[in-house]
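Peer 1: Could you have a look at this structure, given as structure tokens, before my questions?
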Amino acid sequence: MKKVQDLEAAQALTQSERKRHELNRQVTVQRKEKDFQGMLEYHKEDEALLIRNLVTELKPQTLAGTVPCLPAYVLYMCIRHADYVNDDLKVHSLLTSTINGIKKVLKKHNEDFEMTSFWLSNTCRLLHCLKQYSGDEGFMTQNTPKQNEHCLKNFDLTEYRQVLSDLSIQIYQQLIKIAEGVLQPMIVSAMLENESIQGLSGVKPTGYRKRSSSMVDGDNSYCLEAVIRQMTSFHTVMRDQGLDPEIILQVFKQLFYMINAVTLNNLLLRKDVCSWSTGMQLRYNISQLEEWLRGRNLHQSGAVQTMEPLIQAAQLLQLKKKTPEDAEAICSLCTSLSTQQIVKILNLYTPLNEFEERVTVAFIRTIQAQLQERNDPQQLLLDSKHMFPVLFPFNPSSLTMDSIHIPAYLNLEFLSEV
């Protein structure tokens, strides 16, 4: 009898445990249904607050240490929820307010490199998200199955992608303008005047002497290290903010073109720097810039190629300039300089001392005769404001929307995770 009672008690205990286990299992199932699906919901009346906290009043520094381009991901998750509930007015209103908010920030901070870089990074990332999650198979080749679950279901936002693409171009142009404005006052001093090779002042033409320092002779003199420090600062900001590497390469190609144009134009207008020693100084400075590009893995940007006219001008200053053979060597070497530029440099060339002869008129005429078949532009100076067209790549993200954490200090507690 006792065995039967023990068995019944054991069965009752087992049934009790099973029920508790089932209860726990039901709770788990319920929780799973509420898992964050990578969407953010907000009330329509909170849209202005969202744009204010996430766009117009956001300081890039506050996001240090978070996922790069966090605002772009948050905005996409809000767009995705509006798409999910099929609210076309909410999608339209949010995208329009976002674009207007970014434009407002850029207008207010039109001389701020960090802010401009930040919004270029975020605008490009929002554009990538609208492509990656568009449902267009051409943009989904690198998506995981989980990411494909985060695609838009109801709306085609192709027209907004075009608006964001146009906005990205405007921001890029503003970024270049700011960077050029910072660098331009440094270039002539750093590239042509400051003595980065110690002792070279002893072999400069009479009346041309400079000391070597990062800042000498007042506020208008810089050494090459100052230029490199500034470019390092630009690069660090863009990289840390998550700007596409392909865009960073194009930024430096553009900046190196400007360094080339500003330096060469000054060389073509100043007799005091057209000398053998300046040629040596230039070649050294250019090699330092090339080394900086390699050290930052930017050597594939095409930046060095934009410096080719200046490289050839530096070599021209150091080549012999007497015999017909010398003339032939100059003509075969200086393919990136126009005839007018070559002749101008030869005319301005200043001997180091009384033992070095000036370039003769006969030698210059020999050069002109050899180059007369060239169909060169008549313009002497380079256009330092010329801008290469920018190409924006498509760079899908490996992040899934449900993995993104929104810090409390962004004051976005009115957003509900869905």
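Readers should treat all values here as calculations from the given coordinates under stated rules, not as data from a laboratory. Only a predicted model underlies this, so the values are computations on that prediction, with no experimental measurement involved. Here Cβ is always computed from backbone atoms with ideal geometry, including for glycine, and neighbour counts include all displayed protein chains.
Peer 1: Please give, to one decimal in nm, the separation of the simple spin-label points placed at S196 and N148, each 7 Å out from Cα toward the Cβ.
Peer 2: 5.3
Peer 1: For the range 325-340, take each phi angle, set θ = phi - 60°, evaluate the Karplus expression 6.51 cos²θ - 1.76 cosθ + 1.60, and give the result in whole Hz per residue in order, putting x for glycine and proline.
Peer 2: Per-residue couplings from phi come out as 5, 4, 4, 5, 5, 4, 5, 6, 7, 8, 7, 9, 9, 7, 4, 4 Hz.
Peer 1: Need one word for the range 337-388: rounded, prolate or oblate. Basis is the Cα gyration tensor (sqrt eigenvalues a ≥ b ≥ c); a/c below 1.5 gives rounded, then a/b vs b/c decides.
Peer 2: oblate
Peer 1: Could you work out the helix-only [θ] at 222 nm for the chain, with each DSSP H run of four or more residues adding -39,500 (n - 2.57) and the total divided by the number of residues, to the nearest 500 deg cm²/dmol?
Peer 2: -18500 deg cm²/dmol
Peer 1: Starting from the Cα of K320, draw a straight line to each of the aspartates and glutamates and keep only those under 12 Å, dropping any in the same chain fewer than 8 residues away.
Peer 2: E328, E356, E357
Peer 1: Packing-wise, with mean Cβ within 10 Å as the measure, how do 78-90, 338-350, 383-395 rank, highest first?
Peer 2: Values: 78-90: 17.8, 338-350: 19.8, 383-395: 12.7.
Those peptides, ordered most packed to least, come out 338-350, 78-90, 383-395.
Peer 1: Continuing with this model, one more query. Could you work out the per residue convex hull volume over the alpha carbons of the range 36-192, in cubic angstrom?
Peer 2: It comes to 142 Å³ per residue, whole-number rounded.
Peer 1: Among (i) 0.95; (ii) 1.15; (iii) 1.45, find the value of Cα Rg over 2.2 N^0.38 Å that was calculated from the structure presented, and write down its label.
Peer 2: (iii)
Peer 1: Still on this structure, I have one more. Exceeding 21 Å between C-alpha atoms, which entries from my cross-link table qualify? They are K107/K177; K104/K131; K271/K321.
Peer 2: K104/K131
Peer 1: With θ set to phi - 60° and the Karplus curve 6.51 cos²θ - 1.76 cosθ + 1.60, what are the ³J(HN,Hα) couplings of the range 267-278 in order, to the nearest whole Hz, using x for Gly and Pro?
Peer 2: After applying 6.51 cos²θ - 1.76 cosθ + 1.60, I find 4, 6, 10, 10, 5, 5, 10, 8, 9, 4, 5, 5 Hz.
Peer 1: Tell me, in nm to one decimal, what length is gained between N100 and S165 on full extension, where the rule is 0.36 nm per residue of separation less the Cα-Cα distance?
Peer 2: 22.0 nm
Peer 1: State, as an integer percentage, the relative contact order of the chain based on alpha-carbon contacts under 8 Å between residues 6 or more apart.
Peer 2: Relative CO of the chain lands at 21 percent.
Peer 1: If r is the Cβ-Cβ distance from R358 to S398 and R0 is 60 Å, what FRET efficiency results, to the nearest 0.05?
Peer 2: The calculated FRET efficiency here is 0.40.
Peer 1: Per-residue counts of other Cβ atoms within 10 Å, averaged by peptide: what ranking do you get for 225-238, 121-134, highest first?
Peer 2: Values: 225-238: 17.5, 121-134: 24.1.
Per-residue Cβ counts within 10 Å, averaged per peptide and sorted highest first, yield 121-134, 225-238.
Peer 1: Enumerate the calculated ³J(HN,Hα) couplings along the range 301-308 in order (Karplus 6.51 cos²θ - 1.76 cosθ + 1.60, θ = phi - 60°), each rounded to whole Hz, writing x wherever the residue is Gly or Pro.
Peer 2: Calculated HN-Hα couplings, in order: 6, x, 5, 5, 4, 5, 8, 4 Hz.
Peer 1: With a point put 7 Å past each Cα toward its Cβ, work out how far A408 is from D87 in nm, to one decimal.
Peer 2: According to this spin-label approximation, the distance is 2.7 nm.
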